[in-house]
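First comes the structure, then the notes that go with it.
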Amino acid sequence: MTSSNGRYNLMELMVYVASHQLEDGRTAVIGTGMPLAAAMLAQKTTAPRLIVMCEAGSAAPELVKLPISVADSYTHTRALLHSNMAEIMEMSQRGMVDYTFLGGAQIDMYGNLNTTMIGTDFDHPKVRLPGSGGANDLASFCWKTLVITPHDKRRFVEKLDFLTTPGYLTGPGARETAGLPPGSGPYKVISTLALMGYDPVTKRMTVESLHPGVTKQDVIDNTGFEMCFVDPLPVTPEPSNEELRILREEVDPERVIIGK
């Protein structure tokens, strides 16, 4: 997908949208790939004082080059903290982390994630996935969880094959009943079709804007559960020429994330 005048591609739009979900002066544990590109773009545009943290142990680095993973040495450039995963997880448990950026093979209407297996037999799954890593810990204790993912019925499912990482679990009050911090939980989902949030009462996933060229029916046809929509339903804002220049020339000049 590109804009009507071909100014950007879908990956560029998703990174731009993701970058605008990160507030200035906040802390965020950022994952590999598009989340790191989004964090870099945010630091160079709308959130210059965003404090980036990486699961492997760095905090507040200067992202001078797009790291290829959260363990890349570029996540430690002039960082304020050079430590380990235990320190990062402890900070999230103490309530010191505002955002975390996650992905998953499956997500349901309450923002629960599966990164463990596809199938119904744990010992003999159809597909064995990499597992939680730090995702369960981060989604349990960071205040706001963001997800960036392709949008299709295989991923947006009525029921997860395995619950790896908690969202709002079974709905209103379920996180608190499970002992997770009140006020924490899923925040936004940036997909290839739309930007989603969560209804504050029902905790159901809700489309907040459609990407340019996408229709409401496109979302319905590619979602395995009944999706909610805000009314009126706006179109996702597009990146400016200057934001695209920064993304292409300063964030990802090798086009590793945004494509050639």
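Summary table
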item: Pair list, Cβ under 8 Å, 6 or more apart: the stretch 155-177 residue farther than 12 Å from residue 114 by Cα and open to solvent by 80 Å² or more (accessible area, probe 1.4 Å), other residue modelled with pLDDT of 95 or more and among the β-branched types (Val, Ile, Thr); result: 172/201; 172/202
item: Lone unmet requirement of (1) surrounded by 15 or more Cβ atoms within 10 Å (Cβ to Cβ); (2) closer than 29 Å to residue 179 by Cα; (3) at pLDDT 95 or above for residue 125; result: (2)
item: Hits in the stretch 1-44 (condition: of a type in the set (Val, Ile, Thr) and closer than 22 Å to residue 69 by Cα); result: 15, 17, 27, 29, 30, 32
item: Candidates 150, 172 - the one that is closer than 29 Å to residue 10 by Cα and in contact with a Ser or Thr (Cβ under 8 Å, 6 or more places away or on another chain); result: 150
item: Test: residue 27 is over 28 Å from residue 159 (Cα atoms), open to solvent by less than 40 Å² (accessible area, probe 1.4 Å) and modelled with pLDDT of 95 or more; result: yes
item: Leading residue by the ranking (most open to solvent (accessible area, probe 1.4 Å)) among those in the stretch 69-97 that are polar (S, T, N, Q) and closer than 16 Å to residue 135 by Cα; result: 93
item: Count - residues of the stretch 207-260 that are polar (S, T, N, Q), closer than 13 Å to residue 14 by Cβ and buried (at least 19 other Cβ atoms within 10 Å of the Cβ); result: 1
item: Residue within the stretch 108-121 that is under 25 Å from residue 47 (Cβ atoms) and touching a residue at least 40 places away in the same chain (Cβ under 8 Å) present; result: yes
item: Any pair with Cβ under 6 angstrom, 6 or more apart, that starts in the stretch 70-81 at a residue that is within 12 Å of residue 36 (Cβ to Cβ) and ends at one that is surrounded by 15 or more Cβ atoms within 10 Å (Cβ to Cβ) and basic (Lys, Arg); result: 74/65
item: Qualifying residue in the stretch 135-147 (condition: surrounded by fewer than 22 Cβ atoms within 10 Å (Cβ to Cβ) and of a type in the set (Lys, Arg)); result: yes
item: The stretch 224-246: number of residues that are of a type in the set (D, E, K, R) and closer than 25 Å to residue 40 by Cβ; result: 4
item: Qualifying residue in the stretch 216-225 (condition: aliphatic (A, V, I, L, M), touching a Ser or Thr at 6+ places or on another chain (Cβ under 7 Å) and farther than 15 Å from residue 111 by Cα); result: no
item: Options 45, 100: the member that is among the polar types (S, T, N, Q), at pLDDT 95 or above and open to solvent by less than 20 Å² (accessible area, probe 1.4 Å); result: 100
item: Filtered residues of the stretch 150-192 (kept if within 14 Å of the chain's Cα centre (by Cα) and of a type in the set (A, V, I, L, M, F, W, C)); result: 189, 190
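The values are calculated or read from the model by the stated rules, or taken from the named source; none is laboratory data. Everything numeric in this text was worked out from a predicted model, so none of it was measured. As a convention, Cβ positions derive from the backbone with ideal geometry for all residues, glycine included, and neighbour counts pool all protein chains shown. Please note that ligands, DNA and RNA were not included when accessible areas were found on the heavy atoms of the full protein model with its side chains. Shrake-Rupley method; radii C 1.70, N 1.55, O 1.52, S 1.80 Å.
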